[in-house]
Amino acid sequence: MALSIFIPHIAPTILFYFLLLPSPISSLNITLLLSSYPSFSDFNSLLSSTGIAADLAARSSLTLLAVPNHLLRAPSSPNLADVLRYHVLLEYLSLPDLRRIPPAGKLVATLLQTTGRAAANSGSVNITIDANSITFHSPASNATLISPIKTLPYNISILSLNSLLIPADPDLAASETRPPLGLNITSTLINGHDFNVAAAMLAASGVISEFEADEGGAGITMFVPTDEAFADLPPSAKFQSLAADRKAAALRFHVLHSYYPLGSLESIVNPVQPTLATEQNGAGSFTLNISRVNGSVGIDTGIVLASVTQTVFDQNPVAIFGVSRVLLPREFFGRDPIDLYKPSGGGAPPPDIAMSPENYGPANHLSAGGAGGGGVGVFWGLWCTVIFYFLN
């Protein structure tokens with residue numbers, strides 16, 4: 001009897017509690033959501049025609065990366081559905097969430113990863129952020145955030161990108177996501193007024209046509225030494241005396257087979273980058289180590305440390321940067337650091353050239369910058385002074 005009296009008292013409380021809970025979204029109608037934004041009608045149509053919109057109906061807590069009509073260049077590929085699956089991140093990410101991404105970047109799985117057709121993490125998107133942009137990276141292309149479109153916390157976030165992302169698939173990567181730029185690299189360098197030597201060498205070697213042919217797909221990033229950088233080469237380097245095939249390989253060593261704007265270089269996740277020379281000479285050879293050094297982008301060949309000094313050209317799919325040194329590959333110039341600084345009549349000595357990655361270690365860090373045993377001596381001197389003070 002007591003129980004029958006107690007239940008009517010708590011029942012209204014329980015009912016009120018459940019009324020306050022947010023009602024779950026039974027199904028996600030992505031087509032309906034995007035229909036309110038006519039500038040994304042083409043992307044919306046692709047989601048419907050490939051069946052991806054229906055696949056998303058039973059899902060929640062995701063982020064959709066959409067591309068507006070005027071920037072959408074859909075690849076003509078039987079794997080178009082997988083391209084679109086690659087634009088569905090399996091995590092809710094609002095703009096504040098994106099702004100909290102660490103400098104090293106964030107790897108997010110996509111709907112493509114769930115199909116089993118993406119090896120390892122190739123079905124994931126890497127997101128990086130810098131002061132100017134938020135960039136989404138795939139193994140074959142990059143895209144930049146334009147703006148958020150719509151958020152339904154914490155069910156779906158729709159973001160606008162400036163181009164489609166192409167997942168790691170040879171057939172997909174080969175299809176163009178945008179019309180070719182048709183950039184004349186030689187003219188661009190000559191107009192830069194400080195790259196005449198590089199322009200002449202590229203044209204004479206014949207590799208310039210290769211670079212221009214690689215503008216499609218993932219694009220290219222070129223590191224072009226200034227005229228002063230070529231003038232600073234010591235006679236012992238003998239860059240100009242290289243055989244024609246070796247000189248061509250050394251020039252390919254200055255090019256990455258992917259488009260990286262400056263912000264992406266500053267926050268690059270994998271510092272060891274293959275070059276066009278790597279593709280012709282085998283994995284692990286002719287690689288560049290790229291990292292942020294003293295507020296700039298540093299490029300370490302293992303024997304030469306250069307820095308990016310200026311942006312010559314940056315328009316997807318081509319980025320061209322001026323660099324302070326000629327990038328000399330270890331495969332041709334040995335494994336010892338090369339002093340590229342000419343002797344001067346006075347002034348402070350130049351900074352040391354960074355050693356190759358395999359030479360880094362505790363012992364070498366102690367002697368870096370010419371401090372050597374002097375730095376250790378100062379440390380022990382200070383330590384002894386502290387001990388003497390406390391003992392007395």
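All of the numbers you see were taken from the coordinates with simple rules; none came from a lab. Keep in mind that this is a model prediction, so the values were computed, not measured. Every residue, glycine among them, receives a Cβ derived from its backbone with ideal geometry; neighbour counts consider all protein chains shown.
For Lys150, nonlocal amide neighbours, meaning residues 5 or more places apart or on other chains whose placed amide H falls under 5 Å from its own, are Ile158.
Taking a Cβ cut-off of under 13 Å around Ile101, the surrounding Lys, Arg, Asp and Glu residues balance to a net charge of 0, with basic ones at +1 and acidic ones at -1. Cβ under 10 Å from Thr63's Cβ, Thr63 left aside: what net charge do those residues give with Lys, Arg +1 and Asp, Glu -1? So the environment of Thr63 carries a net charge of -2. Charge tally for Ile290 (other residues, Cβ to Cβ under 15 Å; Lys, Arg +1; Asp, Glu -1): -1.
The HN-Hα couplings worked out from phi for segment 37-49 by the Karplus form 6.51 cos²θ - 1.76 cosθ + 1.60 (θ = phi - 60°) are 10, x, 6, 10, 5, 5, 5, 4, 5, 5, 4, 6, 5 Hz, whole numbers, x standing for Gly and Pro. For Phe253, the residues whose amide H sits under 5 Å from its own are Ala277, ignoring neighbours fewer than 5 places away on the same chain, with H placed 1.01 Å from N. Backbone amide hydrogens, once placed in the peptide plane, bring Phe313 within less than 5 Å of Ile320, excluding anything fewer than 5 places away on its chain.
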